[in-house]
Structure formats: structure tokens, C-alpha cells
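No lab work stands behind these numbers, since they all come straight from the coordinates. It should be emphasised that the depicted structure is a prediction, and the values quoted were computed from it without experimental measurement. All Cβ positions, glycine included, derive from the backbone under ideal geometry; neighbour counts span all protein chains shown.
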Amino acid sequence: MKQRGISFIGTGSALPSKMLVNQDLGHLVDTNDEWIRSRTGIKTRHLASENESLSDLAFQAGLKALAMAKMDPSELDLIILATSTADDLFGSAAQVQGLLGATGAVAFDLSAACSGFIFALATASQFIRSGVYEKVLIIGADILSRWVDWSDRTTCVLFGDGAGALVCTATEKEDNFLGFDLNTDGTQNHCLNLPYKGKTKYLIHDVSIRQGSYAPIQMNGREVYRFAVAKVPEVIERVLLQVNLTTKDIDWLILHQANQRILEAVAKKLNILDEKVVTNLSHYGNTSAASIPIAFDEAVRKGKIKKGDLIATAGFGAGLSWGGAILKWG
Ligand code: COA
């Protein structure tokens, strides 16, 4: 039987209305614009205010992607929401489904931090290939500002909030999802995490019951930097090999937007020209699972990415987790 193909037909993104520039952060912690720009490439970031929810950002991004795809929400079979910062610990995908009015779709959250979008893309591809679902909306959305320690200068300058979305559909004509490779290394979890930190509230016999919340983001920046620069080129090379292509065939490199220096180091290792590297993190900072689909959407809407262009994409982050994929737009 001929394998079912996948095509990509819509992108969308949404950002909170409020912005914070580097100078603003100097009022919170001992930092400055020069340090942040030279070490990360970030100038501004959008931060969700009290009345902006994760579900709403994800909904807005999804709606725009569906409009580009000329698809009514009621046609969707599946919605995967990649997020680590759901409004509801039970998951926010169902709320997004409700907001969209996607009455025929099942929806679930997928949590893989900054690799979430790539993991969601790979998951969606399996449902489409197996013939279970045809029309899928993948959303990457995060509001990490809720979980950042705003008195820790080593992390609070890095992150921003946002959402991005991609519509995929089954097709018999062509197959634009060429390959993927996913990885995790839980032994390195301590390098970047957001752990549960409950306090013991009740003691019943010998059972102690903990309640509470999560500790803010904890990160060993240097280790994460080393990990990204080592693993991301490797994973992209591996997928390329899998699909009999080389870095020369790539039109665009869309990496998780964590740090400009990481993007440049990865591109250099892969011998990919700077002009092929999609970058927008100076405006948005690290938006976690949202960063790849936001960058994708902007490049499509600006007319940079054209139908048939070959895209190498990779996410990396907490877990530790990392993954790459090769696809064609359209
Ligand atoms: N402003 C000013 N100074 C700062 C600072 C800030 N916001 N944050 C840290 N510093 C200081 C440090 O305290 C240190 O001072 P010291 O030398 O007196 O001890 C100095 O700057 C250098 O710190 P260092 O951690 O070595 O900087 P770096 O060049 O490694 O850059 C990161 C730090 C976080 C930007 C970098 O390690 C990084 O990007 N890592 C990857 C993080 C990431 O992408 N995480 C998310 C992955 S999904």
C-alpha cells in the first residue's frame, strides 16, 4: 500500500500585547542591555498580562493557521497542543478545541518543553500516516514568564511568551514530511527544570500530604549551551542521512530560538549560510514550544519560505530533550 503523504498548508502565531525591552529588566535585576544583547541576541520579549491566557494565545495562533489553510475548525480531526505551561494542569488543549469550535476534533496536550513542537509534529505525522486522522492542527504555546524567577538574572532575561501553529493534512499526491528523529536524556534533567515543590501540609497516620506549586525555572546555562551546540547539529545530520539529503539541499534552517549564539554555532557546524537561518529571537526571546512555529509563520507570511522549500528544523531544551525534522512547505 502506498504510504499516506502529509502536506503543510497553514501557519499562524499570536503574541501577548505587552512588551518588555532589555532596559526594563535593569530595574528588576543587575543586568543591562549590552550584556543581554551580546550574550543572547535578545532585545525585547512579549509577556502575557493577567488577562491573557495560554489557551487564548493558542486559540488565536490556531485560528490564523486555519484561515491560511482555508480550513474550517469543524473539519479538524486532531489538535495537539505542545506546552509546558498550560492554564490547567489537566491540560489546556480541550479548552482550545472549545474556543475554536472544533467539534469533530480530539485534543490533547503534549509536554516536551522547548522540543515540544517537534515532538508534536512527529506525533501528528504518525496519526496521519496510519490513516487514523487526516486534518491536524499542531500548536506550540508557552507562558514561561509565569514560572521564571524574576529576581534571577541568569534566567529572567531569556524568556518570552507566545504561540505558533501549523496545519497538516493527509494527501495522496505528495509527501512533504521527509523524516524526524527524537531524543531524551533524563540523566541530565537537573541542567534545566521546573520541579514540583510542594510543602507538607497534612499528616494522616504516617502519610504526609504535600500541596503547593512549582519551583521557578532552574538552569545551568553553560551546560545547556554546550548540550545544544553538540546535539542539534548531530540530530539534523542524522535526519538528513535518513532521507538521503545533505545540508546543501536545505533552503531554511528553523531552530528553536533560544540564543543567537547557539543558532550561529549550529549553522556553522552544519556549514549552512547565515542567510538561510530563520531568526526572530531578538524580538521575542525564548518562547519555548512556540518559538519554531512563530518563526515558521513569520517567514511564510514575509514570503521568505516558498512552496516546495526544504526546511530543516530542530528543538531542544528541558528533559533534556531534543529532536529534528525535515519537511517541505506546502
Ligand atoms: N546580566 C549581567 N550579567 C549576568 C547576567 C545578566 N542577565 N547573567 C549572568 N551574568 C553574569 C554571571 O553572573 C557571570 O558573572 P561572573 O563571571 O562574575 O560570575 C557572567 O555574567 C558570565 O556568566 P556565564 O553564565 O558564564 O555567561 P554565558 O556566556 O554562559 O551566558 C547564558 C549565559 C545563559 C546566556 C548562556 O549560557 C546560554 O545561553 N545558555 C543556554 C541557555 C538556554 O538557551 N536555555 C534554554 C534552552 S531551551
Cβ-based charge dipole, the chain, positive-most Cα from Val207, Asn271, Ala113: Asn271
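Run lengths n ≥ 4 of DSSP H only: what is the helix-derived mean residue ellipticity at 222 nm for the chain, with -39500 (n - 2.57) per run over all residues, to the nearest 500? Before the final figure, lay out each step's value.
Working: 10 runs with 101 residues, N = 330.
Taking each H run of at least 4 residues, the total per residue is -9000 deg cm²/dmol.
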Neighbour count of at most 14 Cβ within 10 Å plus DSSP loop: longest trypsin sites (Lys or Arg not before Pro)-free window in the chain: 174-301
Whichever lysines have a C-alpha closer than 21 Å to that of Lys307, once near sequence neighbours (fewer than 8 apart) are set aside: Lys64, Lys70, Lys135, Lys173, Lys248, Lys276, Lys328
Dipole of the range 5-175, positive direction: furthest Cα of Leu137, Leu81, Trp35, with charges on the beta-carbon: Trp35
Among Gly285, Leu320, Trp252 the positive-end extreme of the charge dipole of the chain (Cβ point charges): Trp252
Pairs of alpha carbons in the chain whose separation is greater than 27 Å (percent): 41 percent
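Among DSSP bridges having both ends in the chain, what percentage is antiparallel? Round to the nearest 5. Each step should come with its number before you reach the end.
Values: 47 of 63 bridges.
Once the DSSP bridges in the chain are tallied, antiparallel ones form about 75 percent.
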Chymotrypsin sites (Phe, Trp or Tyr not before Pro) within the range 138-242, DSSP loop, no more than 14 other Cβ atoms inside 10 Å: Trp150
Antiparallel DSSP beta bridges within the range 5-175, percent to nearest 5: 70 percent
Given the chain, longest segment not containing exposed loop GluC sites (Glu not before Pro) (DSSP; at most 12 other Cβ within 10 Å): 175-330
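What ranking of His46, His256 emerges when the number of other C-beta atoms within 10 Å of each C-beta is taken as an exposure proxy, fewest first?
Working: His46 22, His256 32.
So the residues, fewest neighbours to most, are His46, His256.
Please report, in debye to the nearest 20, how large the charge dipole of the chain is about its Cα centre when each Lys and Arg carries +1 at its beta carbon and each Asp and Glu carries -1 there.
Values: 33 positive and 35 negative charges, 105 e Å.
Roughly 500 debye, rounded to the nearest 20.
Compute the signed sum of charges (Lys and Arg +1, Asp and Glu -1) over the other residues within less than 11 Å, Cβ to Cβ, of Lys18.
Its environment carries a net charge of -3.
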Percentage relative contact order, the range 123-261, counting C-alpha pairs under 8 Å, at least six apart: 20 percent
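Expected output is a single nm value to one decimal: the length gained when fully extending between Gln126 and Val29, i.e. 0.36 nm times separation in residues minus the C-alpha distance. What is it?
Values: separation 97, 0.36 × 97 = 34.92 nm, distance 4.50 nm.
My answer for the length gained is 30.4 nm.
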Contact order relative to length of the range 5-175, as percent, for alpha carbon pairs under 8 angstrom and 6 or more apart: 35 percent
Separation in nanometres of the label points that stand 7 Å from Cα toward Cβ, at Arg4 and Ser208: 5.0 nm
Mean separation of Cα contacts under 8 Å, 6 or more apart, over the residue count of the chain: relative contact order %: 25 percent
